[in-house]
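**Q** Pasting in a structure now, in structure tokens, and then I'll have a few things to ask.
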Amino acid sequence: MRLLILVPLASSAVALAILPTPTPALVPRDTSASPSPTAAPTDIYFSTTTYDIIPGVTNDHVTIAQKTITLVIPTCSHTVTPDKNGHVPPGTCGALYEYYPSFGAAVLFSLIFGALTVSHIFMAAKFKTRFAWVVIMGALWETISFTFRSISTRFQQSSGIELVSSLFVLLAPLWVNAFAYMVLGRLLYFFHPARTIMSIPASGLAFAFVALDFISFVIQLVGGSWSGPNDPTNKVMQGIHIYMGGIGLQQFFIFIFLGLAIKFYLEMKAFERQGSLDAGKKGWMKLLWATYASLGFITIRIFFRLIQFSSGENASTNGLISHESYFYILEAVPMVFAISCFLVVHPGTVFPRGEKMPGLWGLIRGWLCCVKQRREFKGSEDGVQLVGKYEELENEGRPPGYVLTPRGRVDLVY
């Protein structure tokens, strides 16, 4: 029995020994580098592409095919969890500031500008200085700016609050600037015997510079609104360049204005030496110096902004945007002094109470009347009465103590 079992095993062994053993085919090793997984982008900023489909229109008059619009939206990935105030480190997604903004400093300056606003309202009401609403608006806009900045320090993920604060602080100085122009126009009207400087009438001077200031205001508003914290980089840079052009234009107008102010000063001093000015009217000089000082502080602030924006947006190389102290020292403090100058020497203490300077329409009407009178004078045989009417027209509204004589000079009336 065992022999019968061994017979097949023996035959199998003989077959294996006689027949050749097949060699297995070897697959060569793949020497190419194995693909590595795609690394995640390290930059927090990227673009998201969306597709919007505009359906087509078909009617009896026109056929418009369906269109697909591709929108590339810049966005960023949040890599850091904001703290309780919404702050994240500079350079990360959602960072609105290049530093940790101070809540206490923002509240302090909002209170200071609020106090300046209330003080100007009180002084304007006390002396009935109607045009003081312009400087009141400047102080009020500064108050609004720092109030929103105080809120922004507690909600640092809200770009809207930060944008409101930035726009108001960028544009508020233009109100104070315009007020300085109006002050010089009224100094010229109420104190200068001829009421003109370099053939420019007082009303025309004030109107021209306020109009130029408004042009600068519009340019800066456009530039500031394009420089939101979440706007694309190219749009932010365009907004910065537009804003820099606006404040550069503002400073150019200030230089021209200062030249006219110096001319006014020199002429007034000449009138004093000649004894042509009323001895009781000496307040013009201190108000003029207050105007100089206010524009000087505004100039400090303008140069700070020009240097800040021209130095780039890199916080590591531009210390003016990475340290909050520069903002308060070179932006907030100069504006506090610029507004305070007109409290130290308030126009209501210098100009006649209740008096007002004619506006643009009064200037045009007076010019047309003068032209008409001159034409009638040239065509009239009896010009004596017309000369009297012309002198009366020219002297209408002049400060007490000044009249225009037929000889063309200004004399005092006692």
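The values are calculated or read from the model by the stated rules, or taken from the named source; none is laboratory data. On a predicted model such as this, the values are computed, not experimentally measured, just so you know. Here the Cβ is made from the backbone with ideal geometry for all residues, glycine too, and neighbour counts use every protein chain on show.
**Q** Working only within the stretch 192-208, note down all residues that are touching a strand residue (DSSP E or B) at 6+ places or on another chain (Cβ under 7 Å) and at positive phi.
**A** Passing the criteria: only 195.
**Q** For the stretch 245-257, does any single residue satisfy the condition of being within 30 Å of residue 91 (Cα to Cα), surrounded by fewer than 17 Cβ atoms within 10 Å (Cβ to Cβ) and under 12 Å from the mean Cα position of the chain (by Cα)?
**A** So in the stretch 245-257, the residues within 30 Å of residue 91 (Cα to Cα) come out as 245-248.
Now drop any that are not surrounded by fewer than 17 Cβ atoms within 10 Å (Cβ to Cβ), which leaves 245, 248.
So of that shortlist, the ones also under 12 Å from the mean Cα position of the chain (by Cα) come out as 245, 248.
Yes, the conditions are met somewhere in the stretch 245-257.
**Q** Additional query: Output the residues belonging to the stretch 156-206 that are surrounded by fewer than 24 Cβ atoms within 10 Å (Cβ to Cβ) and among the hydroxyl-bearing types (Ser, Thr, Tyr).
**A** Result: 158, 159, 165, 166, 189, 196, 199, 203.
Table: residues versus (1) closer than 30 Å to residue 156 by Cβ; (2) in contact with a Lys or Arg (Cβ under 7 Å, 6 or more places away or on another chain); (3) modelled with pLDDT of 80 or more.
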position	(1), (2), (3)
62	no, no, no
84	yes, no, yes
87	yes, no, yes
97	yes, no, yes
106	yes, yes, yes
116	yes, no, yes
119	no, no, yes
128	no, yes, yes
132	no, no, yes
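**Q** For residue 211, all conditions in the list (1) in contact (Cβ under 8 Å) with a residue 40 or more places away in the chain; (2) on the phi < 0 side of the Ramachandran plot hold save one; what is the number of the exception?
**A** Only one criterion is unmet by residue 211, namely (1).
**Q** Here's another thing I want to ask about it. Would a scan of the stretch 192-200 turn up a residue that is assigned to a helix (DSSP H, G or I) and assigned by TED's automatic domain parsing to the domain that holds residue 337?
**A** Looking only at the stretch 192-200, we keep the residues that are assigned to a helix (DSSP H, G or I), and these are none.
Scanning the stretch 192-200, I find no residue that is assigned to a helix (DSSP H, G or I) and assigned by TED's automatic domain parsing to the domain that holds residue 337, so the answer is no.
**Q** Turning to a different aspect of this structure: Of these, 112, 161, which one is hydrophobic (A, V, I, L, M, F, W, C), in a helix (DSSP H, G or I) and over 28 Å from residue 342 (Cβ atoms)? Give the steps one after another, and end with the answer.
**A** Numbers: 112 fails: over 28 Å from residue 342 (Cβ atoms).
Sole residue among the options that is hydrophobic (A, V, I, L, M, F, W, C), in a helix (DSSP H, G or I) and over 28 Å from residue 342 (Cβ atoms): 161.
**Q** So, in the stretch 84-126, how many residues would count as being within 24 Å of residue 176 (Cβ to Cβ) and either crowded, with 18+ Cβ neighbours inside 10 Å or of a type in the set (Val, Ile, Thr) (or both)? Spell out how you get there, then give the answer.
**A** Pass one, the stretch 84-126, residues within 24 Å of residue 176 (Cβ to Cβ): 105-126.
Among the residues that remain, those that are also either crowded, with 18+ Cβ neighbours inside 10 Å or of a type in the set (Val, Ile, Thr) (or both) are: 105-107, 109-110, 112-113, 116-118, 120-121, 123-124.
Selection size over the stretch 84-126: 14.
**Q** Among (1) in contact with an Asp or Glu (Cβ under 8 Å, 6 or more places away or on another chain); (2) part of a helix (DSSP H, G or I); (3) modelled with pLDDT under 95, there is one condition residue 315 misses while meeting the rest; what is its number?
**A** With (1) in contact with an Asp or Glu (Cβ under 8 Å, 6 or more places away or on another chain); (2) part of a helix (DSSP H, G or I); (3) modelled with pLDDT under 95 applied to residue 315, the lone miss is (2).
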